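Take a look at the structure set out below.
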Amino acid sequence: GEMLRQTDAFFADLLARTGPIREIIDSDHTFLNERTAQWIYQRQDVWGDAFQKVPAHPPHGGGMLTMPALMTATANGVYTSPIVRGVWMLESVLGTPPQPPPPNIQPLSPDLRGARTIREQLEAHRAQEACRVCHDQIDPLGFPFENFDELGLWRTVYRRPGQALSIDTASPLPDGQAVATIAELKRALLGREEQVARNLVVKMLPYASGRLLQGDDRGEVERIVRALSPGGYRLRDLVHLVAESPLVLPQ
């Protein structure tokens, strides 16, 4: 409830002031109330129950990707997984879902029993050629989020009984771009603004039209994306274009 109020406040503000879609990735502001600021963000400069627009500070920064609602939704309440968050990024943010895993692949144990970090487990998993192809796409988008625990709290180690395993978030993107932190990942994603906008169109059109997109609907998706470009990919423009689309309001 409280976490969703934060995402709703951010998205409503972005829509109301015709803000650019890039602010979903990163922004100079966020929305906090006193409880969320103190409990999750470790800030003492916000008061009251209402969510209010405030300057974004590291380590959470701005945008929606590192909000606790999304960090919780991409964990299972007990542990986090760079694979789950990487797949979520590919599917929900970039619109390029990975192929399903090949059959007869031994799944990873995600509970970090013993002294092996998730990175160490993944290194063994990636030794299988069939696994590495997909993980080259997934892992770089997931590891930078490992500094956020299953509740969205910032951490620098995995805490286990009697031990604290260090977290390594570095994972270069497939194109060779170095990404070592969540801030660097956000900067890299800002360079994919058109791709993020296209995925939003692909997500919103079925919601607005009440049917799944067909192969010949791709032309309409691209028409909307082209129309968004001159204005700087603004969210309100996207909503208007989707609402007025022939797929939603047949001529």
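The values are calculated or read from the model by the stated rules, or taken from the named source; none is laboratory data. The shown structure was predicted, so the numbers you read here are calculated from the model rather than taken from an experiment. Don't worry about glycine lacking a Cβ; one is built from the backbone with ideal geometry, like all the others, and counts go over all protein chains shown. Note: areas computed on protein heavy atoms with side chains; ligands, DNA, RNA excluded. Shrake-Rupley method; radii C 1.70, N 1.55, O 1.52, S 1.80 Å.
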Item to check | Gain in span if fully extended, residue 203 to residue 243, counting 0.36 nm per residue against the direct Cα distance | outcome: 13.1 nm
Checklist entry - Considering only protein heavy atoms, what per residue accessible area in square angstrom results for the chain with a 1.4 angstrom probe? => result 50
Checklist outcome for this item: By the Cα gyration tensor axes a ≥ b ≥ c (a/c under 1.5 gives rounded; else a/b larger than b/c gives prolate, otherwise oblate), the shape of the stretch 192-251 is prolate
Checklist outcome for this item: To the nearest 0.05, the calculated FRET efficiency linking residue 170 and residue 194 through their beta-carbon distance, R0 being 25 Å, is 0.40
Checklist entry - Between residue 124 and residue 226, what is the spin-label point distance in nm, taking each point 7 Å from the Cα along the Cα→C-beta axis? => result 5.2
Next on the checklist: Whole angstrom only: what separates the Cα centroid of the stretch 224-251 from the Cα centroid of the stretch 138-197?
Outcome noted: 32
Checklist entry - What percent does the relative contact order of the chain come to when contacts are Cα pairs within less than 8 Å and at least six residues apart? => result 20
